[in-house]
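Student: If you scroll down you'll find the structure; I have some questions about it.
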Amino acid sequence: MNRKERVRAAGDNARETARHAADVVGPYAASARESASQYAHDASAYLKPRARKAACAARENYASHVVPRLEQARQSLPEGVDEAAGRAADRTRDVARKARAAAAPRLEQARA
């Protein structure tokens with residue numbers, strides 16, 4: 001048996017081993033996928049109402065506690081500071097959008 005035949009035989013053996021492993025593991029993988037799907041559905045059903053309730057409570061607390069204090073703080077600022085902060089926030093949002101647009105293809109490539 002020459003070198004080419006040994007390499008071919010080793011490749012055939014590796015292919016057969018991989019095929020056998022896939023046949024053995026396949027049912028377990030399918031069962032795990034079904035179980036994971038069921039667990040995710042159960043978690044969603046359990047957490048969704050609680051998350052909605054927490055979000056409502058956060059909105060109410062924000063409206064009742066934070067908004068009045070923000071208004072008071074804005075009124076005590078020197079003239080022009082509020083406008084400058086608004087412009088800075090707008091610029092920051094624009095830069096964040098551009099960074100996200102630039103990074104998205106690289107992230108998708110890394111995930112793939």
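Student: Report, ordered by the first and then the second residue, all pairs with beta carbons closer than 8 Å, sequence separation of six or more or different chains, a first member in the stretch 1-19 that is free of Cβ contacts under 8 Å to residues at least 40 places away in the same chain, and a second member that is open to solvent by less than 100 Å² (accessible area, probe 1.4 Å).
Tutor: Hits for this filter: M1/A9.
Student: Shifting gears a bit: Go through the stretch 1-18 and give me each residue that's part of a helix (DSSP H, G or I) and surrounded by fewer than 10 Cβ atoms within 10 Å (Cβ to Cβ).
Tutor: The answer is R3, K4, E5.
Student: If L70 passes every condition in (1) open to solvent by less than 60 Å² (accessible area, probe 1.4 Å); (2) hydrophobic (A, V, I, L, M, F, W, C); (3) more than 22 Å from the chain's Cα centre (by Cα) but one, which one does it miss?
Tutor: (1)
Student: Sort through S31, S64 and tell me the only one that's exposed (fewer than 10 other Cβ atoms within 10 Å of the Cβ) and part of a helix (DSSP H, G or I). It would help to see each step written out before you state the result.
Tutor: Details: S31 fails: exposed (fewer than 10 other Cβ atoms within 10 Å of the Cβ).
Criteria check complete, one pass: S64.
The values are calculated or read from the model by the stated rules, or taken from the named source; none is laboratory data. What you are looking at is a predicted structure, and each value in this text was computed from that prediction instead of being measured. Neighbour counts are summed over all protein chains in view; Cβ atoms, including those assigned to glycine, are modelled from backbone coordinates with ideal geometry. Ligands, DNA and RNA are stripped out before the accessible areas are found, and what is left, the full protein with its side chains, is counted by its heavy atoms. Shrake-Rupley method; radii C 1.70, N 1.55, O 1.52, S 1.80 Å.
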